[in-house]
Amino acid sequence: YTTLFRSAVVTPNRPGTLEPDFTGLLDLMDMVAAGGVDSICLMGSTGEFVNYSNADRMRALYLAVKRSKVPLVAGVGHTTLRGAVELAEDAVGAGASGLLLMPPYFFPYQQPEVEAYCLAFAREVGNALPILLYSIPQFTSPLGIGTAKRLLDTGLFAGIKDSSGNWDYFSELLAYREQRRFALFAGNDRIALRALQ
């Protein structure tokens, strides 16, 4: 397997405001790309997407796709399936290279509901772009290991970004790659070095 370095970028605000600083975002992307990453993820949890309107999220993505020298993965986290699909459709139109899908946040969901949500999203979006699952139980309903494996088994998802910080979870996914090929990203600094080793 190839080791890829994907950077999650923050979304800067204009000084003294809560408005996104699009120029600052593009400059930050240039700096990160120059550092040697293989791709950049916009509007994930590090990008604090919940603080921005869908319109601002899409404007950032359109500008970023035009400017970026590396592929861009768009976070499409939302509280509803319809909202996530609309963000995905905009990301496809903008020219993103992939989608990052977390379980819906705020309300707690059981594993059958999380699985149904992810499958419905994949059916709605089709094969327009590769979809990465996003395990980040600090902010969403957990994406259990059994659920993650079943979803990966469908072939509808290109891989998973694990930001849980739980080494047992990550190592189980790592072992599972011996049976099924998929992209696996460590999204938590606590286990990143160990994951690379």
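With a 1.4 Å probe and every protein chain kept in, tell me what percent of the accessible surface of the range 115-187 is carbon plus sulfur.
50 percent
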With a ≥ b ≥ c taken as the square roots of the eigenvalues of the C-alpha gyration tensor of the range 1-107, please select rounded if a/c is under 1.5 and otherwise prolate if a/b is larger than b/c or oblate if it is not? oblate
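List the trypsin sites (Lys or Arg not before Pro) within the range 62-119 that DSSP assigns to loop and that have no more than 11 neighbouring Cβ atoms inside 10 Å. Please list the in-between numbers first.
Working: sites: Lys66, Arg67, Lys69, Arg82; in loops: Lys69.
Sites meeting the loop and neighbour criteria: Lys69.
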Which labelled figure in (1) 291; (2) 141; (3) 117 is volume of the Cα convex hull per residue in Å³, once derived from the coordinates: (3)
Run the numbers for Glu48 and Phe107: contour at 0.36 nm per residue of separation, minus the present Cα-Cα distance, in nm. 19.4 nm
Heads up, the range 32-75 by the C-alpha gyration tensor (a ≥ b ≥ c square roots of eigenvalues; a/c under 1.5 rounded, else a/b over b/c prolate, else oblate) looks oblate
Which residue, chosen from Val10, Leu173, Tyr52, occupies the Cα position most advanced towards the positive end of the dipole of the chain, where the dipole is computed from +1 (Lys, Arg) and -1 (Asp, Glu) charges on Cβ about the Cα centre? Leu173
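Can you tell me the dipole magnitude for the chain around its Cα centre, using point charges on the Cβ only (Lys, Arg +1; Asp, Glu -1), in Debye to the nearest 20?
Values: 17 positive and 19 negative charges, 70 e Å.
Result for the chain is approximately 340 debye, rounded to the nearest 20.
Enter the accessible area per residue of the chain (Å², integer; probe 1.4 Å; all protein chains in place). Spell out each step's value before the answer.
On the way: 9770 Å² over 197 residues.
That works out to 50 Å² for each residue.
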Quick one: of the DSSP bridges fully inside the chain, what percent are antiparallel, nearest 5? 10 percent
Summed side-chain charge close to Leu81 - residues other than Leu81 whose Cβ falls under 12 Å, Lys, Arg +1, Asp, Glu -1: -1
Modelled label-to-label distance, Trp167 and Thr23, 7 Å Cα→beta-carbon offset: nm? 4.6 nm
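The values are calculated or read from the model by the stated rules, or taken from the named source; none is laboratory data. Owing to the predicted nature of the structure, the values given are computational and were not obtained by experimental measurement. Cβ sites come from the backbone with ideal geometry, for glycine too, and all protein chains shown count toward neighbours. Calculation scope for accessible area: heavy atoms of the full protein, side chains included, ligands and nucleic acids excluded. Shrake-Rupley method; radii C 1.70, N 1.55, O 1.52, S 1.80 Å.
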